[in-house]
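Participant: Structure incoming, see below.
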Amino acid sequence: MKQFIPNRELDEIGTGVVLTYLKKSGTAGLPRCVDIEGIANSMGLNVVYETFAEDDFDKIGFLSDGITPLKIKRGNRTVPFLFPLGIIVVEADLRKERESGKRRFTIAHEVAHHILGRHNPVPQFQRTFDAERVYSVAEMKSHFNWNEAQADKLAASLLMPYFIVAAALKDFNHGNKLKIFGDEVFAPKDRMIIKKMAAQIGVSFSALLIRIKELQMVEYHPISEYVEAVLMTEVIS
């Protein structure tokens, strides 16, 4: 049932989608931020905003298959609403400016589901069930988690293709790799650079942090180097 798509393949697909959109839309020069809603629209997907009323409070995005209703708030009522095929429904709270990164990633995630459905068409538990078979909870959970992980990876590739991240690294760090001490520690200067890069690209700090590691835009140093140079230096009054 599960078909593994290598990360390099997902990266190539994501980059290809962005570059094709830029060419078709006539975008001049290198953008610093991917127009993810524009990409969605170019695929026939429309984004709408609603207040979700699902039992699963973590649900903030939904790609309609045209047959599965979504519980939403309309006034003081909770109603199951059937959206047309190809509608991306996003939680209305994500329209707030401070939620920009989460909103963009949510849209990219649903676009990724659409792309994966065409690139790797396999039966989806949440959409098409085999009437001759009873699925266990473990099977459904495993399949759901697998699909979500693949969609997250492709979403990151759509929002943060190599050339977009490389441009931000050039803008804010002269193209030099960022120093990481141990496995997770950045000096305050480099953390600020990552924050500036994330703001320009339109993603969250944590999403970009994962991405720059994947793209090998960091250079690793022993944690002792940071401790000795920063944390244990003598304070001079």
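Participant: Helix 162-173 versus the longest principal axis of the chain: what angle, 0 to 90°, nearest 10, using Cα atoms?
Facilitator: Once rounded, the angle reads 30 degrees.
Participant: Let me ask another. Using alpha carbons only, how many angstrom separate the centre of segment 28-47 from the centre of segment 144-219?
Facilitator: Distance between centres, Cα-based: 20 Å.
Participant: Given a 10 angstrom Cα cut-off, can you work out which residue in A155, A53, A108 is the most mobile in a GNM of the chain?
Facilitator: Highest fluctuation among the options: A53.
Participant: Shifting gears a bit: Just F83, F163, F57 to compare: in a GNM of the chain, with alpha carbon springs under 10 Å, which one fluctuates most?
Facilitator: Taking springs between Cα atoms under 10 Å, the residue moving most is F57.
Participant: Using only the alpha-carbon atoms, how far is helix 137-159 inclined from the longest principal axis of the chain? Give it as 0 to 90 degrees, nearest 10.
Facilitator: Approximately 50 degrees, to the nearest 10.
Participant: With every protein chain kept in place and ligands, DNA and RNA left out, what is the accessible area per residue of the chain? Probe 1.4 Å, answer in Å². The partial results should precede the final answer.
Facilitator: Numbers: 13840 Å² over 237 residues.
That works out to 58 Å² for each residue.
Participant: At 7 Å along the Cα-to-beta-carbon direction for both N145 and R191, put a label point, then send me their distance in nm to one decimal.
Facilitator: 3.0 nm
Participant: So what is the 222 nm mean residue ellipticity for the chain from helices alone, if each DSSP H run of at least 4 adds -39500 (n - 2.57) and you divide by all residues, rounding to the nearest 500 deg cm²/dmol? Let's see the in-between values first.
Facilitator: Working: 8 runs with 109 residues, N = 237.
Mean residue ellipticity, 222 nm, calculated: -14500 deg cm²/dmol.
Participant: So between D93 and N76, what do we pick up on full extension, going 0.36 nm a residue minus the alpha carbon distance? Mind dumping the intermediate values first?
Facilitator: On the way: separation 17, 0.36 × 17 = 6.12 nm, distance 1.66 nm.
Here the answer is 4.5 nm.
Participant: In nm, to one decimal, how far is the modelled label at N7 from the one at D56, with both set 7 Å along Cα→Cβ?
Facilitator: 2.5 nm
Participant: What do you get for the angle between helix 205-214 and the principal long axis of the chain? Use alpha-carbon atoms, 0 to 90 degrees, nearest ten.
Facilitator: In the chain, helix 205-214 runs at an angle near 80 degrees to the longest axis.
Participant: Over the chain, what is the relative contact order in percent, taking alpha-carbon pairs closer than 8 angstrom and at least six residues apart? Present the calculation step by step, with values, prior to reporting the outcome.
Facilitator: Details: 279 pairs, mean separation 50.5, N = 237.
Worked out over the chain, it gives 21 percent.
The values are calculated or read from the model by the stated rules, or taken from the named source; none is laboratory data. Note that this is a predicted model, so its numbers are computed, not measured. Here Cβ is always computed from backbone atoms with ideal geometry, including for glycine, and neighbour counts include all displayed protein chains. What goes into the accessible areas is simple: the full protein's heavy atoms, side chains included, and nothing from ligands, DNA or RNA. Shrake-Rupley method; radii C 1.70, N 1.55, O 1.52, S 1.80 Å.
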